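The structure appears right after this line, and notes come after that.
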Amino acid sequence: MKRVVEGKSETFPIRMHPIQYGENVMAKAFWAGKLIAESDATVVVEDNQYFPAEAVEKKYLKSSAHTSICPWKGTAHYYHVEVDGMRNDNAAWFYPDPKQAAQQIAGHIAFWKGVRIEG
């Protein structure tokens, strides 16, 4: 990691830092044996690794109607992750219009619910 960006909302501490890797080292996300995302330009927020949207294999993402609200990031929208007929409901999320304090994750997608992150 080369730099850390610290910030603060009105009431919530924020820790965001871009992860910058050396040559040939990539962060990767796997589910059901498939590589679903790969990037050397992820952002980590609250221990979640956010991949640039263009680094995610969209063929594995299916729209979900689920949303959740974070008081300092805004409203998260979700995707189901689907690989070879197996579905992991709401296992990816993104903020289409993040609040000012979370602008660094605009255009990024994070994973959970068993999606393995390496790197």
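Laid out as a table, the results:
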item	result
Residue that is part of a strand (DSSP E or B) and more than 22 Å from SER39 (Cβ to Cβ), where the choices are ILE117, ILE69, ILE109	ILE69
Search result, residues across segment 50-64 that are crowded, with 19+ Cβ neighbours inside 10 Å and among the aliphatic types (A, V, I, L, M)	ALA55, VAL56, LEU61
Some residue of segment 91-100 being among the small types (Gly, Ala, Ser), modelled with pLDDT of 95 or more and out of contact with any Leu (no Cβ under 8 Å at 6 or more places or on another chain)	yes
Matching residues in segment 84-113 - criterion: being within 14 Å of LEU61 (Cβ to Cβ), free of Cβ contacts under 8 Å to residues at least 60 places away in the same chain and surrounded by 17 or more Cβ atoms within 10 Å (Cβ to Cβ)	ASN88, ASN90, ALA92, TRP93, PHE94
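The values are calculated or read from the model by the stated rules, or taken from the named source; none is laboratory data. The structure displayed is predicted, hence computed values, not measured ones. Cβ coordinates were reconstructed from backbone atoms using ideal geometry, including for glycine residues, and neighbour counts include every protein chain displayed.
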